[in-house]
Amino acid sequence: MNDNKQNEKIITSANPTRSLIIIPIGVAIFIAANLLARIPLGIHKVLTIQLSLLVLSLLLIAVFSKGKFAEYGFRWPREFMAKHWMPAGLAALALGIISTLTIAFSGAGGLPLTKQLSIPQIIFYTWFVASICEEVFTRGLIQGHLAPYNDKNIKVPFGTINLPTLISALMFGSMHIVVAFSGADIATIIIIIFFTFFLGLLAGHVRARSQSLLPAVIIHFLGNFGGIFGGIIYAVLTFLITGHPPKMP
């Protein structure tokens with residue numbers, strides 16, 4: 001506990017204005033990761049993007065923190081996890097389910113990329129790889145570097161949002177604009193950005209409260225798991241209503 005407090009004091013004493021540089025840096029990292037995916041490296045481009053985000057984020061965290069990774073969330077969570085993770089986890093699971101059902105019942109086309117992947121690939125890329133790599137990028141590098149603004153809160157209808165949490169959620173939602181380049185229709189793009197933004201708020205909230213990336217990774221995992229589970233629910237409902245499984249486009 002003393003080490004956690006010491007680390008918090010160190011990072012919150014950083015220059016707030018200089019911390020904002022992480023926003024354009026984050027955008028540059030995301031663009032670089034997508035450009036690297038265009039290089040034929042012999043692995044799937046989704047995996048290339050995720051691993052590029054992870055490696056570039058870790059390198060910058062090492063530089064900014066001078067090797068003190070705990071300052072960017074690489075620490076075991078405080079007592080918050082055991083006491084408060086379940087409501088956020090259930091909310092993330094519900095978000096994933098609702099997002100998939102919204103896409104399905106609204107008639108949106110869905111993600112063309114996922115239709116090109118096998119079930120094991122979808123599980124590996126979204127449940128595990130994305131949950132880790134994207135959280136290291138958004139809640140580790142971005143939110144961690146914005147720690148000098150931890151005392152800045154924004155009032156919203158349902159309470160207040162910590163400013164670093166909000167910025168990391170906006171970055172997380174904005175990242176998914178890239179699905180437009182995979183051939184997704186406008187309805188799918190809007191729905192995905194909307195739900196990933198709120199998933200980012202949940203992940204950022206537990207990251208801020210626990211001072212650890214682990215709860216955020218779990219929230220992200222549950223959101224992605226909910227997305228797959230929502231597809232199963234849609235298939236079952238369609239079969240019960242029509243007597244036939246849903247048609248695959």
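The values are calculated or read from the model by the stated rules, or taken from the named source; none is laboratory data. Keep in mind that what you see is a predicted model, and the values were worked out from it rather than measured. All Cβ positions, glycine included, derive from the backbone under ideal geometry; neighbour counts span all protein chains shown. Ligands, DNA and RNA are excluded from the accessible area calculation, which covers all protein heavy atoms including side chains. Shrake-Rupley method; radii C 1.70, N 1.55, O 1.52, S 1.80 Å.
Of note:
- FRET E, pair VAL156, VAL27, Förster distance 25 Å, beta-carbon r, rounded to 0.05: 0.55
- ³J(HN,Hα) computed for each position of the range 46-62 - Karplus, 6.51 cos²θ - 1.76 cosθ + 1.60, integer Hz, glycine/proline x: 4, 5, 4, 4, 5, 5, 5, 4, 5, 5, 5, 5, 5, 4, 5, 4, 4
- Compared with the dominant principal axis of the Cα atoms in the chain, helix 163-175 is inclined by about 40°.
- Compactness of the chain - radius of gyration and Dmax, Cα, Å: 18.5, 62
- Rounded to the nearest 20 debye, the dipole size of the range 64-167 about its Cα centre is 180 debye, using +1 on the Cβ of Lys and Arg and -1 on the Cβ of Asp and Glu.
- Total lysine pairs whose alpha carbons fall under 27 Å of each other in the chain (8 or more apart, or interchain): 17
- For the peptides 217-230, 22-35, the ranking by mean Cβ contacts within 10 Å, running from highest to lowest, is 217-230, 22-35.
- Loop-resident sites, the range 193-249, for trypsin sites (Lys or Arg not before Pro), counting at most 12 other Cβ within 10 Å (DSSP): LYS247
- Net charge dipole, the chain: roughly 300 debye, given to the nearest 20, about the Cα centre with Cβ charges of +1 for Lys and Arg and -1 for Asp and Glu.
- Helix axis angle, 22-36 relative to the chain longest principal axis, alpha carbon, degrees: 40 degrees
- The modelled label-to-label distance for the pair LEU35/TRP76, using points 7 Å beyond Cα in the direction of Cβ, is 4.2 nm.
- Percent of alpha-carbon pairs separated by more than 17 Å within the range 53-174: 71 percent
- Accessible-area composition of the range 101-186, carbon plus sulfur, in percent [1.4 Å probe]: 69 percent
- With Cα atoms, 0 to 90° folded angle of helix 213-242 axis to the chain main axis: 10 degrees
- Cα lying deepest toward the dipole's positive end in the range 107-209, options PHE137, PHE158, THR188, charges on Cβ: PHE158
- Per residue, the chain exposes an accessible area of 53 Å² to a 1.4 Å probe, with every protein chain left in place.
- Among 134-147, 172-185, the order from most to least packed when residues are scored by Cβ within 10 Å on average: 134-147, 172-185
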